[in-house]
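Each remark here refers to the structure printed beneath this line.
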Amino acid sequence: MTQNTPVTAVVFDIGNVLIRWQPEELYDQWVGQPRREEMFAAVDLHFMNELVDRGADFRQVIYDTADKYPTYAEEIRWWHDRWLDMASPAIDLSVATLRALKARGVPVFALSNFGIGTFEVGEAAYDFLSDFDRRYISGHMGVTKPSARIYQMLEDDCGHAPKGLLFTDDREENIDAAAQRGWQTHHFTTPRAWADTLIARDLIKESDL
């Protein structure tokens, strides 16, 4: 897709785009790197999180997993009990781009792997999660990126042709899946690079930020 193709809507991932999400780093602070590495090797915590992102009950999935691994039970339960500590802080410049786009009348959508329960916690903490015109949250949809079905569901609902969508995500496999469908994409690496991309496309101005 060329830079000359008009953008009719901008689609944001949330984790590591608008809100920092690095559980390993936080567990290193909480229990030390050796213990964290042992726990992550013994327990597939990312698969546990994937179940939540597909719509399973947040607390039940985490606590059931903790019950299966008593050696790490307390730390596993932190994934629920201290989740907001892991999903922080907000990435301020990215939030500013979201709000600048909205102020200029550009439709803004969320497309994120996020659980039902975790999104409720996140929305209560971060008011900008209510700024989107439409939100496509995997827990409510029953499918996660990069499955083609979640992109198709957005396309079927949003009222915009795929070629008009500009999507940013920090995971290359999610970007690739969107690009294969004709979406315009930006692999998110830094908020500054994302802001510069939007400025270059004349979707926002530096003075908006």
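Quick one: length gained pulling Asp44 to Asp85 fully straight, 0.36 nm per residue minus the C-alpha distance?
12.8 nm
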Heavy-atom accessible surface of the chain: percent carbon and sulfur, 1.4 Å: 46
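Could you work out how much longer the chain between Ala73 and Leu93 gets when fully extended? Use 0.36 nm per residue separation minus the Cα distance between them, nm to one decimal.
Net length gain for the segment: 3.5 nm.
Taking the solvent-accessible surface of protein heavy atoms with a 1.4 Å probe, what is the per residue accessible area of the chain in Å²? Before the final figure, lay out the partial values.
On the way: 9720 Å² over 209 residues.
The answer is 47 Å² per residue.
Rounded to the nearest 5, what % of DSSP beta bridges with both residues in the chain are antiparallel?
On the way: 2 of 18 bridges.
Given both bridge residues lie in the chain, the antiparallel proportion sits at roughly 10 percent.
Using 1/(1 + (r/R0)^6) with R0 = 25 angstrom and r between the beta carbons of Asp64 and Asp127, what's the FRET efficiency to the nearest 0.05? Intermediate values should be presented prior to the final figure.
Details: r = 32 Å, r/R0 = 1.28.
The calculated FRET efficiency here is 0.20.
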Taking amide hydrogens as modeled 1.01 Å from N in the peptide plane, which residues meet the under 5 Å criterion relative to Asn16, leaving out close sequence neighbours? Trp21
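Report, in debye and to the nearest 20, how large the dipole of the chain comes out about its Cα centre when Lys and Arg carry +1 and Asp and Glu carry -1 on their Cβ.
On the way: 21 positive and 34 negative charges, 130 e Å.
Rounded to the nearest 20 debye, it is 620 debye.
With runs of 4+ DSSP H residues as the only contributors, calculate the mean residue ellipticity of the chain at 222 nm using -39,500 (n - 2.57) per run, divided by the residue total and rounded to the nearest 500. Write down the numbers at each step before the final one.
Numbers: 12 runs with 107 residues, N = 209.
After summing the helix terms and dividing by residue count, I get -14500 deg cm²/dmol.
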Let me check I have the definition right: for the chain, take the eigenvalues of the Cα gyration tensor, multiply each by 5, take square roots. What are those semi-axes in whole Å, largest first? 32, 18, 15
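The values are calculated or read from the model by the stated rules, or taken from the named source; none is laboratory data. The model shown is predicted, which means the values in this text are computed figures rather than measured ones. Quick reminder, even Gly has a Cβ in these numbers, built from the backbone with ideal geometry, and neighbours come from all protein chains shown. The accessibility values were calculated without ligands, DNA or RNA, using every heavy atom of the protein model including side chains. Shrake-Rupley method; radii C 1.70, N 1.55, O 1.52, S 1.80 Å.
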